[in-house]
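I'd like to ask some things about the structure below.
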There are 2 protein chains.
Amino acid sequence: MAKQKPSIPKGTRDFGPDKMVRRNHIFNTIRSVFGHFGFMPLETPSMENLNTLTGKYGDEGDQLLYKVLNSGDYLKDAKPEDIEAGSKHLATKICDRGLRYDLTVPFARYVVMNRNELTFPFKRYQIQPVWRADRPQKGRYREFYQCDADVVGTDSLICEAEIVLMINEVFSNLDIDDYGIKLNSRKILTGITEVVGAEGREGEFCVAIDKLDKIGEEKVLDELRSRGFGEDSVEKIKPLFHISGTNEERIASMKEFLAESETGLKGIAEIEDTFAYLKDFGLENDHVDFDITLARGLSYYTGAIFEVKVNNVKIGSVSGGGRYDNLTGVFGLDGVSGVGISFGIDRIYDVMEELDLFPKDRLETTQVMIVNFDKTAERYSLGVLAKLRAQGISAEIFPESAKLKKQMNYANKKGIPYVLLIGSDEMESGQLTMKDMREGEQTKLDLDGIIEKVKA
Amino acid sequence: MAKQKPSIPKGTRDFGPDKMVRRNHIFNTIRSVFGHFGFMPLETPSMENLNTLTGKYGDEGDQLLYKVLNSGDYLKDAKPEDIEAGSKHLATKICDRGLRYDLTVPFARYVVMNRNELTFPFKRYQIQPVWRADRPQKGRYREFYQCDADVVGTDSLICEAEIVLMINEVFSNLDIDDYGIKLNSRKILTGITEVVGAEGREGEFCVAIDKLDKIGEEKVLDELRSRGFGEDSVEKIKPLFHISGTNEERIASMKEFLAESETGLKGIAEIEDTFAYLKDFGLENDHVDFDITLARGLSYYTGAIFEVKVNNVKIGSVSGGGRYDNLTGVFGLDGVSGVGISFGIDRIYDVMEELDLFPKDRLETTQVMIVNFDKTAERYSLGVLAKLRAQGISAEIFPESAKLKKQMNYANKKGIPYVLLIGSDEMESGQLTMKDMREGEQTKLDLDGIIEKVKA
């Protein structure tokens, strides 16, 4: 076979050791917070039947689904007219499966399939890759991980409050301090459309207001006009952009604004209860802003919605979520309310890199490397190596007696903090030379001393 | 949209919390052993370009590759004659990417693409799913995880010895005691074909001898005959099945047998050196058997080969690997020798289940659940919950004041060891009722006492 110059598909990435160690730091932090709040792990298959995925993400989503070719003679049952009908139609004949587009639909599918075995409320987290046939660009990939936690089978607002707590714990554990959590309710957005005389046009209102950050107030109002909102409605909407004061004051203003909307007032009451729970938990509005201009795109949200942004970093939201009343309805199970949160690992990674927040010491690596001088030293060193490892210390020997410079370079590149040099003097005296690679200093210690120092 | 009865693709699996926790126990054990020996994590994309994958796994492997349909109008460039040429040909026009079939080829591809940045020897581990369009059956799935560790860029036999050490450490940490590691060398198998007058027919010899366990000695010899091995060769091969004694004695016998084969003797010397290294490490043939009937299928092995079987469990090998001299050659980088080991997580899971080796206590779950009696108790309980969590304790409150039986059932199903019952007496006195769900007993303790007991 001809030799190839290898490459990887556009929009996908290899994660070498340096990146993996940093990504694992983020994954492990999130995973441990999820566990801390009683969420349990779940994994679903990478492939789902296409009829599970299709129609769940809108027309655009359907186009971004990766489809997997049926195995074997996949054209067997395709008729000539299927082929003539073009790509879209033929795909339904030759592909039964597609790659997961998000973790929410597979989760809903799992809940429905296992409804008789599960104990509700069911709290699960799921950290797996998803695939989208999107045009790759900076920060947008065709394969990327999602980190989701959801609780289904209860409408208790304690869950909303705990999502806020989890967000705070994740960012605090990652040393990200300067961020804001926006909190709103879909019910409030519905209420607004009712009050301004645009009942039933919540979808259009959300799409427009969602762009506020990007295009500003005037253009949002223009968009509403062009979508057919009357000048009357627009005039009533205007003051909403200028509601100010503390969370309590803004809630009070909105309560007045929504006085005529039952749904709107229910949304307000839920936001109030959520803040009250946060207070019971001992959290006084920490990082949380009630923001009625937060809309979030996904149409299945029906209650609280969340979004997290890191301040002074030009990147979109790093986390978001909300409550949905009927996620499993499409699979035939109605009345399962739930609320969930998703962390965007790639963006969090970029934020931490930009703010220089990754721990300076390499987080996972060999702690001790033994230099390999020659065959005699090698034999002695293997015994030392076995003893270090028996103490739980990650250790290795350079496998060949290469030039010292090459061996030290290896240790350096790998971020190994301690290097042992064992030559004839050391073998005779039992006092081994240990170099601290960060400080540059060398000391002579016996094996017990070395173990003690490395473990400290 | 019509409501669907959801299902998952044949040969794929959901892993709910119970299974995930057990699988994570195995993954974490293997990952930590890999790290202990200085291996660093790597992840590659799920999709590879099909020209990276095709031709690397033989004809059968090519047929088992999952191909991903190009996005958009994938038929755009397909001519009518491409369609008439049938499934196999058309696939090359409409699919540029496929799902990873194993972790070895992507690793080789990664090494070649990053050869200028990597420091050799490069020790990496990789734990990711792979996909094969195989016929699903008991223990064979279309999506399954592989757990591989490889070191490339050195031919030091210390690496072979360390693979044996890693195998021992993994199984010891999983409490699997009764297993055997078979060790052989491809060079010895080559040497045998030379010595018996069947030079160059090592492939056929390996295929036949690989079936020894399944079909027995006589049928292996028959197969050799039917593959054209002369009676002369067969007679010379016969005694090989009856070589007995300790590892040292068997090595000595084979040294005699292979006296005329340079390659064979080199294989013997490598096996001897590997055993010598194990001795230097302080390991005296622990679980290791030199077994010249071990062949292993993969054609890229050129040196040592390993295989691990658990005794008294009817399941194939649970781990295997070997040395290859030219894995990256197909991607244009020659002379990179490496050696690797792969653990079969699904089989290890089945073995542990059959031998009842999973820890009895649920490994990862909420440690304390607070029962939710009513609104007043709820508010008090949230403060208690916050304090438990601040101590690093995984804790949750049942989010609604449901019937006590339902709440206790939830705790029970989730394997939560401690349940707190906080009613009006408890709120008044500060002495909270704690139920130990395993013992069934209830005690009254203040919060500090509870924290102490849970942490113990």
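The values are calculated or read from the model by the stated rules, or taken from the named source; none is laboratory data. Values in this document were obtained by computation on a predicted structure and should not be read as measured data. Positions of Cβ are generated from backbone atoms using ideal geometry, with glycine treated the same way; all protein chains shown enter the neighbour counts. Surface accessibility is based on the protein's heavy atoms, side chains included, excluding ligands, DNA and RNA. Shrake-Rupley method; radii C 1.70, N 1.55, O 1.52, S 1.80 Å.
Taking a point 7 Å out from Cα toward Cβ as the label site, list the nm distances between B:Gly58 and the same residue in every other copy, smallest first.
B:Gly58 label point versus its equivalents elsewhere: 4.9 nm.
Further, regarding this structure: Where does helix B:262-280 land angle-wise versus the long Cα axis of chain B, in degrees 0 to 90, nearest 10?
The angle comes out near 30 degrees.
So how much slack lies between A:Glu452 and A:Asp213, counting 0.36 nm per residue of separation and subtracting their Cα-Cα distance, in nm? Walk me through the numbers on the way to the answer.
Numbers: separation 239, 0.36 × 239 = 86.04 nm, distance 5.48 nm.
Full extension from A:Glu452 to A:Asp213 adds 80.6 nm.
Using the Karplus curve 6.51 cos²θ - 1.76 cosθ + 1.60 with θ = phi - 60°, work out ³J(HN,Hα) for each residue of the stretch B:77-86 in order, rounded to whole Hz, and write x for Gly and Pro.
9, 7, 8, x, 5, 5, 6, 5, 6, x
Taking 8 Å as the Cα distance limit and 6 or more residues as the minimum spacing, I'd like the relative contact order of chain A as a percentage.
For chain A, the relative contact order is 14 percent.
Okay, moving on. Percent antiparallel among DSSP beta bridges with both residues in the protein assembly as shown, to the nearest 5?
Here the antiparallel bridges make up roughly 80 percent for the protein assembly as shown.
Sticking with this one: Tell me the carbon and sulfur percent of the accessible area for the stretch B:368-455, rounded to whole percent, probe radius 1.4 Å.
Roughly 47 percent of what the probe reaches on the stretch B:368-455 is carbon or sulfur.
Output, in nm with one decimal and in ascending order, the distances from the A:Leu212 label point to the matching label points of the other copies (7 Å from Cα along Cα-to-Cβ).
Nearest first, the other copies' label points are 7.6 nm away.
To continue, here is another question. Could you work out the mean count of beta carbons from other protein chains within 10 Å of each residue's beta carbon in B:42-53?
Other-chain Cβ atoms within 10 Å of each residue's Cβ, averaged: 6.
Another question, if that's okay. Cross-link candidates for A:Lys138: which aspartates and glutamates have Cα within less than 16 Å, leaving aside residues fewer than 8 places away along the same chain?
Of all the aspartates and glutamates, those that pass the test against A:Lys138 - Cα under 16 Å, at least 8 places apart if same chain - are A:Asp14, A:Asp346, A:Asp350, A:Glu353, A:Glu354.
Shifting gears a bit: What full-extension length gain, to one decimal in nm, is calculated for A:Asp73 and A:Arg140 as 0.36 nm per residue of separation minus the Cα-Cα distance? Each step should come with its number before you reach the end.
Details: separation 67, 0.36 × 67 = 24.12 nm, distance 3.46 nm.
Length difference between fully extended and current span is 20.7 nm.
Quick one: if the Förster radius is 45 Å, what FRET efficiency do A:Lys444 and B:Asn173 give, using the C-beta to C-beta distance and rounding to 0.05?
Working from the Cβ atoms, E equals 0.85.
Give B:Lys236/B:Lys309; A:Lys211/A:Lys309; B:Lys19/B:Lys360; A:Lys405/A:Lys455; B:Lys360/B:Lys405 a once-over and call out the pairs whose C-alpha atoms are over 18 Å from each other.
On the way: B:Lys236/B:Lys309 28 Å; A:Lys211/A:Lys309 15 Å; B:Lys19/B:Lys360 14 Å; A:Lys405/A:Lys455 26 Å; B:Lys360/B:Lys405 24 Å.
Long pairs (Cα-Cα over 18 Å): B:Lys236/B:Lys309; A:Lys405/A:Lys455; B:Lys360/B:Lys405.
Quick one: accessible area per residue over the stretch B:368-455, 1.4 Å probe, rounded to a whole number of Å²?
The answer is 48 Å² per residue.
Under the rule of at least 5 residues apart or a separate chain, name every residue whose amide H is placed under 5 Å from the amide H of B:Phe290.
B:Leu183
Could you tell me the calculated FRET efficiency between B:Glu223 and B:Glu248, based on Cβ-Cβ distance and R0 = 35 angstrom, to the nearest 0.05?
0.65
At 7 Å along Cα-to-Cβ for each site, give me the label-to-label distance between A:Glu400 and A:Lys10 in nm.
4.0 nm
While we're looking at this one, here's another question. Which trypsin sites (Lys or Arg not before Pro) from the stretch B:394-450 combine a DSSP loop assignment with at most 13 other Cβ atoms within 10 Å?
B:Lys403, B:Arg438
Now, a different point. Can you list the HN-Hα couplings for the stretch B:301-313, worked out from phi with the Karplus curve (6.51, -1.76, 1.60; θ = phi - 60°), rounded to whole Hz and with x for Gly and Pro?
Karplus-based 3J(HN,Hα) across the stretch B:301-313 equals 6, 10, x, 4, 10, 10, 7, 10, 10, 8, 6, 6, 10 Hz.
What nm distances, shortest first, do you get from the label point of B:Lys403 to those in the other copies when the point sits 7 angstrom along Cα to Cβ?
Spelled out, the distances from B:Lys403's label point are 7.9 nm.
I would also like to ask the following. Quick one: angle between helix A:212-226 and the longest Cα principal axis of chain A, in degrees between 0 and 90, rounded to 10, please.
Its long axis makes an angle of about 20 degrees.
Now for a separate question. Write down the Kirkwood hydrodynamic radius of the stretch B:388-431, to one decimal in angstroms, obtained as one divided by the mean of 1/r over all alpha carbon pairs.
11.9 Å
Please give the per residue accessible area of the stretch A:263-338, computed with a probe of 1.4 Å over protein heavy atoms only, in Å². Walk me through the numbers before you get to the answer.
Numbers: 2830 Å² over 76 residues.
Ligands and nucleic acids excluded, the figure is 37 Å² per residue.
While we're here: Between the stretch A:344-395 and the stretch A:200-243, how many Å separate their Cα centres?
One Cα centre to the other: 55 Å.
Something else: Hey, what's the stretch A:170-259 come to in accessible area per residue, 1.4 Å probe, Å²?
Result: 47 Å² per residue.
Label point 7 Å out from A:Lys19 along Cα-to-Cβ: which residues of the stretch B:31-45 have amide N under 19 Å?
Counting backbone N atoms under 19 Å from the label point, the list is B:40-45.
Accessible area of B:His89, 1.4 Å probe, to the nearest 10 Å²?
The value for B:His89 is about 70 Å².
Report, by chain and number, residues whose modeled amide H sits under 5 Å from the one on B:Tyr179, excluding near sequence neighbours (fewer than 5 apart, same chain).
Residues meeting the criterion, in which the H sits 1.01 Å from N, are B:Asn311.
Shielding of B:81-90 by partners, i.e. mean partner chain Cβ atoms within 10 Å per residue? Could you put the intermediate results ahead of the total?
Numbers: counts 0, 0, 6, 3, 0, 4, 10, 4, 0, 5.
Average per residue, whole number: 3.
Cα convex hull of chain B: mean projected area in nm², to one decimal?
Directional mean of the projected Cα hull area for chain B stands at 31.2 nm².
Give a residue-ordered list of calculated ³J(HN,Hα) values for the stretch A:387-400 (Karplus: 6.51 cos²θ - 1.76 cosθ + 1.60, θ = phi - 60°; whole Hz; x for Gly, Pro).
Ordered by residue, 3J(HN,Hα) equals 5, 4, 5, 4, 8, x, 8, 6, 8, 8, 10, 5, x, 9 Hz.
Mind checking which aspartates and glutamates have their Cα closer than 17 Å to the Cα of B:Lys93? Skip sequence neighbours fewer than 8 apart in that chain.
Correct list for B:Lys93: A:Asp73, A:Glu84, B:Glu48, B:Asp62, B:Asp73, B:Asp77, B:Glu81, B:Asp82, B:Glu84.
Once every DSSP H run of n ≥ 4 in chain B is given -39500 (n - 2.57) and the sum is divided by its residues, what mean residue ellipticity at 222 nm do you get, rounded to the nearest 500 deg cm²/dmol?
Calculated at 222 nm, the ellipticity per residue is -12500 deg cm²/dmol.
Residue by residue through A:58-69, how many Cβ atoms from other chains fall within 10 Å of the Cβ on average? Each step should come with its number before you reach the end.
Working: counts 0, 0, 0, 0, 0, 2, 1, 2, 8, 7, 10, 14.
That works out to 4 on average.
May I ask what percent, to the nearest 5, of DSSP beta bridges between residues of the stretch B:368-455 are antiparallel?
Values: 8 of 14 bridges.
Around 55 percent antiparallel, to the nearest 5.
Give me the accessible area buried between chains B and A, both sides summed, with a 1.4 Å probe, in Å² rounded to the nearest 100.
9000 Å²
Another question, then. Calculate the tail of P(r) for the stretch A:368-455: the fraction of all Cα-Cα distances greater than 15 Å, expressed in %.
53 percent
Nearest 10 degrees, 0 to 90: what angle lies between the long axis of helix B:158-173 and the longest principal axis of chain B (Cα atoms)?
Tilt of helix B:158-173: around 40 degrees.
With labels modelled as points extended 7 Å from the Cα through the Cβ direction, what inter-label distance (nm, one decimal) is found for B:Ala390 paired with B:Gln63?
The two pseudo-label positions are separated by 6.6 nm.
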